[in-house]
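Single-structure report; data block below.
The values are calculated or read from the model by the stated rules, or taken from the named source; none is laboratory data. Just so it is clear, the structure is predicted and the values come from calculations on it, not from any experiment. Ideal geometry is used to build each Cβ from the backbone, glycine not excepted, and the neighbour counts take in all protein chains shown.
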Ligand SMILES: [Zn+2]
């Protein structure tokens, strides 16, 4: 009775929320207040898949959900950004019967790294994909060790769960414990590097013995084939291996099967291997995976283009963390033509801390000689400029303007196509666009 | 002209949040004054030799790594203390301060010895504590600095040699006592993580003066000072 009432209220609030344009978290939050262990009552007819990691979890969860739906499976999944306990409660309570049954063939949950331990206490999870652990938004999560401790707690709550782990990421590869695990990896690509080109490298030393870690190559950040110089810890033999990554023709071969995809970034190619490892382990056939991934619509809402006085402007949303901004820089470097980068850097959102230390971890040095100008804007524009200056950019290249009402003039003083990298702007980037259109 | 030699110890084990850029900007400023600079790194399990260096730097790191570092560093306690007592410049950020106290606790409840230069003890909380800080450096109380901490530990015990008088924000301890960091002879330490030297011209100048002595020259800090003033203005607005 208590369950039925809670679920009913959650469903009603969710419908009301959709009509009023409210958040997806609130109904779940209220439901959990009314009945804290409500998720313990849920029963699943199908398989439950959870996906976490510092980078790529939204895209990967979307690929998996898309593949399943394309093949006629019924799927319940959580929407973008509602990956904490209350968002997951909202998703599941809206999808279940009043008796607590979820009839879908698959439940696909994108789960926040730090919240999985709360969620896994009450929910049965069958498959858990951990993409990677990188230093994330400093204020929210702290460093990867803290996060991995929390994930270990989550895994301990589900001894029957199968893990899908990254054999090219030393921190998360190490997390299996007594659980059954399968591993995925991607062979060297034409974009792989011998040295780490990202500003952040979170596993310079071995997580087991603290001696230096050596890498055969890097995909991005510290992701690549690794081996400890002292103990026997190294990249495990992968159960799912991607080879022949062809960015131009948008194909990737996984365990010998060539697969067509709809994107051409290193990150999404890697996400595809992870998605395949999860889907295939959870009972999807290779044929089904190939069919589904071929029509994937991509990670929506992160990229927007418009015209400013005859120049092409691309707006890219990034997170307030170095890995995310490094990825955006990689994207900019892959584009042809003269270009300038606009950095929209603000206080740590919601909390208003004036910290920008994460920006110092970004490898801006990669832009040397590749961009005409770097324009810093946002309320931390000058601090960002100090950071860029520290990367040896001179005053001809480096511009800054913290007054958004003067942003049009500042844009005119740059050359080429413009790439705005807006870090966790949460709609504030709209002010720039508004000014440009005046 | 001087050739300043800086030893960066545990650069691979203690490397969080852009702290190493402190050395990048310090090197840029040393060159700007017409002097030369050389940075040598020494890692865990390597032999440490402090003599012959003008400065030693240690950054903020992961908690597990700090414990591994302590086991390697503490046997050098006497040599480290001797260098610091003799006026070698040290710059230490974040949780690396814990190495210099009596001891510090670990996430699993263990206790690890420090080198015992100071009386304080590090206490691990397993919880992320985040705070801004503005304060006045003890060497020049006309100046104001900005710092940012993101830590899971704090220092317990009286802060006898603070680096900053805190106006607003975090201290060394669990509860604010108006004192942050350490300045003892030429040993500087602060919980401010990230590029604290880049963002605070006053602290940069002081370290440069102590390193370069009669070869010290003033640099152009216009942009850095403007950026800092904007941060401070936001605190005044509240
Ligand atoms: Zn090892």
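Per-residue answers, yes or no, for (1) surrounded by fewer than 23 Cβ atoms within 10 Å (Cβ to Cβ); (2) in the same structural domain as residue A:115 (by TED's automatic domain parsing); (3) under 20 Å from the mean Cα position of the chain (by Cα):
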| residue | (1), (2), (3) |
| --- | --- |
| A:144 | no, yes, yes |
| A:153 | yes, yes, no |
| A:175 | yes, yes, yes |
| A:193 | yes, yes, no |
| A:211 | yes, yes, no |
Q: Starting from segment A:97-110, take each residue that is assigned by TED's automatic domain parsing to the domain that holds residue A:50 and list its partners that are surrounded by fewer than 17 Cβ atoms within 10 Å (Cβ to Cβ), counting only C-beta distances under 6 angstrom and pairs at least six apart or across chains.
A: A:98/A:4; A:100/A:43; A:101/A:43; A:103/A:45; A:104/A:74; A:105/A:74
Q) When you look at residue A:397, is it out of contact with any helix residue (DSSP H, G or I) (no Cβ under 7 Å at 6 or more places or on another chain), surrounded by 13 or more Cβ atoms within 10 Å (Cβ to Cβ) and closer than 24 Å to residue B:222 by Cα, yes or no? A) yes
(Q) Among the residues that make up segment A:244-257, is at least one of them more than 16 Å from the ligand (Cβ to nearest atom), over 21 Å from the mean Cα position of the chain (by Cα) and closer than 15 Å to residue A:169 by Cβ? (A) no
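Does segment A:216-235 hold any residues that are away from every other protein chain (no Cβ under 14 Å) and within 14 Å of the ligand (Cβ to nearest atom), and which are they? Reasoning before the result, please.
We begin by selecting, within segment A:216-235, every residue away from every other protein chain (no Cβ under 14 Å); these are A:216-220, A:223-225, A:227, A:232-235.
Those that are away from every other protein chain (no Cβ under 14 Å) and within 14 Å of the ligand (Cβ to nearest atom): A:227, A:232, A:233, A:234, A:235.
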Q: Mind telling me which of the residues A:134, A:92, A:68, A:146 ends up being over 24 Å from residue A:317 (Cβ atoms), within 14 Å of another protein chain (Cβ to nearest Cβ) and in contact with a strand residue (DSSP E or B) (Cβ under 9 Å, 6 or more places away or on another chain)?
A: A:146
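Would you confirm, using the coordinates I've provided, whether residue A:161 is surrounded by 22 or more Cβ atoms within 10 Å (Cβ to Cβ) and farther than 30 Å from residue B:10 by Cβ?
Values: surrounded by 22 or more Cβ atoms within 10 Å (Cβ to Cβ): no; farther than 30 Å from residue B:10 by Cβ: yes.
For residue A:161, the condition - surrounded by 22 or more Cβ atoms within 10 Å (Cβ to Cβ) and farther than 30 Å from residue B:10 by Cβ - is not met.
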Q: Please specify each residue of segment A:189-215 satisfying the condition of being farther than 19 Å from residue A:56 by Cβ, within 16 Å of the ligand (Cβ to nearest atom) and in a loop (DSSP other than H, G, I, E, B).
A: A:204, A:206, A:207, A:208, A:209, A:210, A:211
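Residues checked against (1) at pLDDT 95 or above; (2) more than 22 Å from residue A:231 (Cα to Cα):
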residue: A:143; (1), (2): no, yes
residue: A:147; (1), (2): no, yes
residue: A:155; (1), (2): yes, yes
residue: A:162; (1), (2): yes, yes
residue: A:177; (1), (2): no, no
residue: A:180; (1), (2): yes, yes
residue: A:186; (1), (2): yes, yes
Q. Quick check: is even one residue across segment A:405-423 touching a helix residue (DSSP H, G or I) at 6+ places or on another chain (Cβ under 8 Å), loosely packed, with under 15 Cβ neighbours inside 10 Å, within 13 Å of another protein chain (Cβ to nearest Cβ) and under 20 Å from residue B:227 (Cβ atoms)?
A. no
Q) So which residues in segment A:371-380 are within 10 Å of chain B (Cβ to nearest Cβ) and surrounded by fewer than 24 Cβ atoms within 10 Å (Cβ to Cβ), if there are any at all? A) A:379
Q.
On the basis of being more than 18 Å from residue A:426 (Cα to Cα) and away from every other protein chain (no Cβ under 14 Å), does residue A:338 make the cut?
A. yes
Q: Select from segment B:120-133 the residues that are at pLDDT 95 or above and surrounded by fewer than 20 Cβ atoms within 10 Å (Cβ to Cβ) and write down the one among them that is farthest from residue B:231 (Cα to Cα).
A: B:121
Q) Which helices (runs of 4 or more DSSP H) does segment B:138-238 wholly contain that include 2 or more residues that are more than 14 Å from every other protein chain (Cβ to nearest Cβ) and out of contact with any strand residue (DSSP E or B) (no Cβ under 8 Å at 6 or more places or on another chain)? A) B:201-212
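Can you tell which of A:308, A:331, A:289, A:344 is in the same structural domain as residue A:218 (by TED's automatic domain parsing) and in contact (Cβ under 8 Å) with a residue 40 or more places away in the chain? Please lay out each step first, then the result.
On the way: A:308 fails: in the same structural domain as residue A:218 (by TED's automatic domain parsing); A:331 fails: in the same structural domain as residue A:218 (by TED's automatic domain parsing); A:344 fails: in the same structural domain as residue A:218 (by TED's automatic domain parsing).
Answer to the selection: A:289.
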Q.
Residue under question is residue A:220, and the condition is that it be over 23 Å from the mean Cα position of the chain (by Cα), in contact (Cβ under 8 Å) with a residue 12 or more places away in the chain, crowded, with 18+ Cβ neighbours inside 10 Å and not assigned by TED's automatic domain parsing to the domain that holds residue A:357; does it hold?
A. no
Q. Would you pick out the residues in segment B:25-47 that are in contact (Cβ under 8 Å) with a residue 24 or more places away in the chain, more than 26 Å from residue A:211 (Cβ to Cβ) and either under 17 Å from the mean Cα position of the chain (by Cα) or within 14 Å of another protein chain (Cβ to nearest Cβ) (or both)?
A. B:25, B:26, B:29, B:30, B:32
